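In what follows, a structure is listed as structure tokens, so that the remarks can point back to it.
What follows draws every value from the coordinates through simple rules; no lab data is involved. Predicted model only: the values in this text are computed from it and were never measured. Please note: Cβ atoms are built from the backbone with ideal geometry, for glycine as well, and neighbour counts cover all protein chains shown.
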Amino acid sequence: MSLMQHRAEEFFAEPHVALLMIPGPAAPLTMPVWYDYQPGGSIALVTGPDSLAAKRLREAGRCTLVVDSVTPPRYVAVECTLIEEGEPSLEAPRSVAARYLPPHILEGYLTHIEQNVGPEVRFTLRPVTWRSAGIG
């Protein structure tokens, strides 16, 4: 059964790993991503400025994010439009990574990004359509 809108948004606001799907010329690009979201707001995700995900998101201007859980069984899928692309920055991943990593690991992760990955770009997405189902 479909979740009420506020329940779907609350579930999506938890720190799940989302499945990101971006339309492409032959097939969608599908990959796991971390994201940042607060109910009623926009969605943020970060990636390398020259990554395939960044290129496809710029081209398509839209994507879908899906999160789920086994216990209790539920899922939320959000169709989104791209509303903003930030400048590449070493600080871009901080707010997203902070949702997933404890403080004592976060700084090491950000140091790794700085030394091995380089600046990342923050994409801001507007949720357009919510689909959900769940029990419990």
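Considering all alpha-carbon pairs of the stretch 54-110, what whole percent are spaced by more than 16 angstrom? Numbers along the way, then the final one.
Values: 1034 of 1596 pairs.
Cα-Cα pairs of the stretch 54-110 separated by over 16 Å account for 65 percent.
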Practice problem: Work out from phi, with θ = phi - 60° and the Karplus expression 6.51 cos²θ - 1.76 cosθ + 1.60, the ³J(HN,Hα) of each residue of the stretch 5-18, listed in order in whole Hz, and give x for Gly and Pro. | Solution: 3, 5, 5, 4, 5, 4, 4, 5, 6, 5, x, 8, 8, 8
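Taking 0.36 nm per residue of sequence separation and subtracting the Cα-Cα distance, how much length would be gained by fully extending the chain between L19 and L90, in nm to one decimal? If you can, show how the numbers build up before the last one.
Values: separation 71, 0.36 × 71 = 25.56 nm, distance 2.37 nm.
So the chain would gain 23.2 nm between L19 and L90.
Restricting to DSSP H runs of at least four residues, report the calculated mean residue ellipticity at 222 nm for the chain, -39500 (n - 2.57) per run over all residues, nearest 500 deg cm²/dmol.
Per the formula, -7000 deg cm²/dmol.
Give the Kirkwood hydrodynamic radius (Å, one decimal) of the chain, defined as one over the mean of 1/r across all pairs of different Cα atoms. The partial results should precede the final answer.
Working: mean 1/r = 0.0647 Å⁻¹.
Evaluated over the chain, this radius sits at 15.5 Å.
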Quiz item: Between E10 and V117, 0.36 nm times their residue separation minus their Cα-Cα distance comes to what?
Solution: 35.4 nm
Quiz item: Can you give me the relative contact order of the chain as a percent, contacts being Cα pairs under 8 Å and 6 or more apart?
Solution: 31 percent
Practice problem: Using the Cα centre as the reference, give the magnitude of the dipole from point charges on the C-beta atoms of the chain (Lys, Arg: +1; Asp, Glu: -1; all else neutral), rounded to the nearest 20 debye. | Solution: 420 debye
